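Colleague: Right, I'll just put the structure down here and ask away after.
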Amino acid sequence: MGKIDTILFDCDNTLVLSEELAFEGCADLLNQICVTKGVDPSPNFTGSTLIKEFVGQNFRGMLKSLQTRYGFPLSADEVEKYVLSEEDVVIAKLRESLSPCVGVVPQLDALSKEGSHLLAVVSSSALRRVKVSLEVVGFDKYFAADHVYSAATSLPTPTSKPDPAVYIHAMKELGVQPSQSVAVEDSRSGTLSATRAKIPVIGYVGPYPEDRKESIEQELRASGAAVIMQHWDEFPAKLAEIEKLSN
C-alpha cells in the first residue's frame, strides 16, 4: 500500500456534535408514531436511550428495527412521511445548537492547506441534514458538494450503516480504492460499514462521556477499528499509524 490520500469522515459526532440533538428529535417523533399505532414502548423513548442502541444508524433504519420489535406496520408512504418529518425536526435543532467536535477545526484547516488528501463525508444521515450540518459550522468550505455522501439519499436504494454500500459508492464516485483510503468513525455501525468495504478505520471516542469511553473503544476495536483516537489532536499520529500498519 502507498500513502493514504483519501480521508472519509463520518459526520455525526465525528465532525459535529449532532447525535444528542438528533436523537432528541427522533425520540419525540417515535413516541408520536407509537401513540398513532397503539404501541406502548414502556417507557417512552428518550434521546439518551435511543443513542445507546442506534448510534450511527439513520431514522429509516430505526423505523425498520422498531417495526420488527413491536410488530406495527408502516406503509411505504408512511415511512417516507416520517423520514421527512424527522429530517425537518432534526435540522431545526441543528440550526439552533450545532457545534463542531472539539479539536477538529485545526485538523481540517491543516488538511485543507496541505492539499495532499482528498476529503469526503460519508454518512448514514439524509443528505439534506448532512449538508445543513456542514454549513452551520462552516465546514462546507472543506468538502466539495459532490464529495458528501449519504446512505439514506445518495444510493439507488436507501440503506443505513453498517451496510457498506455507502462507502463502496463513495469510493466509486471518488475513483479511489480502499488501499488509498481511511475512514474516521465513532460508532459500531459506522466502523462495520467501513471495514466491510475493506477501508481501515480510525475509531474516534472523543464525544462520549468518560465513563463510556473504554467500553466504546472495545466495541470499535471489536468491529474492526485499526486504531483508536481520543482527541482530534491525535489525528496526524493516528493517520501515520494506519499507514504504517498497512505497509
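Colleague: For residue 132, all conditions in the list (1) within 22 Å of residue 164 (Cα to Cα); (2) assigned by TED's automatic domain parsing to the domain that holds residue 184 hold save one; what is the number of the exception?
Modeller: Condition not satisfied by residue 132: (1).
Colleague: Which one is nearest to residue 20 (Cα to Cα), of the residues in region 147-170 that are assigned to a helix (DSSP H, G or I) and touching a residue at least 60 places away in the same chain (Cβ under 8 Å)?
Modeller: Ranking the candidates gives 167 first.
Colleague: Now a separate question. For the structure I just gave you, tell me whether residue 135 is under 29 Å from residue 5 (Cα atoms), without any contact (Cβ under 8 Å) to a residue 60 or more places away in the chain and outside any strand (DSSP E or B).
Modeller: yes
Colleague: All but one of (1) hydrophobic (A, V, I, L, M, F, W, C); (2) modelled with pLDDT under 95; (3) under 19 Å from residue 153 (Cβ atoms); (4) buried (at least 21 other Cβ atoms within 10 Å of the Cβ) hold for residue 83; state the number of the condition that does not hold.
Modeller: (4)
Colleague: What number goes with the only condition from (1) in contact with a helix residue (DSSP H, G or I) (Cβ under 7 Å, 6 or more places away or on another chain); (2) within 27 Å of residue 111 (Cβ to Cβ) that residue 58 does not pass?
Modeller: Here residue 58 clears every test but (1).
Colleague: Can you spot a residue in region 50-70 that is within 18 Å of the chain's Cα centre (by Cα), at pLDDT below 95, closer than 30 Å to residue 5 by Cα and among the small types (Gly, Ala, Ser)?
Modeller: Yes, because at least one residue in region 50-70 is within 18 Å of the chain's Cα centre (by Cα), at pLDDT below 95, closer than 30 Å to residue 5 by Cα and among the small types (Gly, Ala, Ser).
Each row is one residue, and each column tells you yes or no for (1) over 12 Å from residue 122 (Cβ atoms); (2) of a type outside the set (Val, Ile, Thr).
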| site | (1), (2) |
| --- | --- |
| 140 | yes, yes |
| 166 | no, no |
| 174 | no, yes |
| 195 | yes, no |
| 206 | yes, yes |
| 210 | yes, yes |
| 230 | yes, yes |
| 237 | yes, yes |
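Colleague: Quick one: in region 209-247, of everything that is surrounded by fewer than 19 Cβ atoms within 10 Å (Cβ to Cβ) and among the hydroxyl-bearing types (Ser, Thr, Tyr), which residue is farthest from residue 106 (Cα to Cα)?
Modeller: 215
Colleague: Further question: Any idea how many residues of region 104-129 are assigned to a loop (DSSP other than H, G, I, E, B) and either of a type in the set (Lys, Arg) or under 18 Å from the mean Cα position of the chain (by Cα) (or both)?
Modeller: 3
Colleague: Kindly indicate which of 51, 91 is assigned to a helix (DSSP H, G or I), within 20 Å of residue 148 (Cα to Cα) and either free of Cβ contacts under 8 Å to residues at least 60 places away in the same chain or in contact with a helix residue (DSSP H, G or I) (Cβ under 8 Å, 6 or more places away or on another chain) (or both).
Modeller: Being assigned to a helix (DSSP H, G or I), within 20 Å of residue 148 (Cα to Cα) and either free of Cβ contacts under 8 Å to residues at least 60 places away in the same chain or in contact with a helix residue (DSSP H, G or I) (Cβ under 8 Å, 6 or more places away or on another chain) (or both) holds for just one of 51, 91, which is 91.
Colleague: I'm told residue 204 meets every condition in (1) surrounded by fewer than 24 Cβ atoms within 10 Å (Cβ to Cβ); (2) in contact with a strand residue (DSSP E or B) (Cβ under 6 Å, 6 or more places away or on another chain); (3) among the aromatic types (Phe, Trp, Tyr) except one. Can you identify the failing condition by its number?
Modeller: Just one mismatch for residue 204, condition (1).
Colleague: Would you confirm whether or not region 7-21 contains a residue that is free of Cβ contacts under 8 Å to residues at least 40 places away in the same chain and among the polar types (S, T, N, Q)?
Modeller: no
The values are calculated or read from the model by the stated rules, or taken from the named source; none is laboratory data. Note that the coordinates shown come from a computational prediction; the quantities given were computed from them, not determined experimentally. All Cβ positions, even for glycine, are placed from backbone atoms using ideal geometry, and neighbour counts span all protein chains on display.
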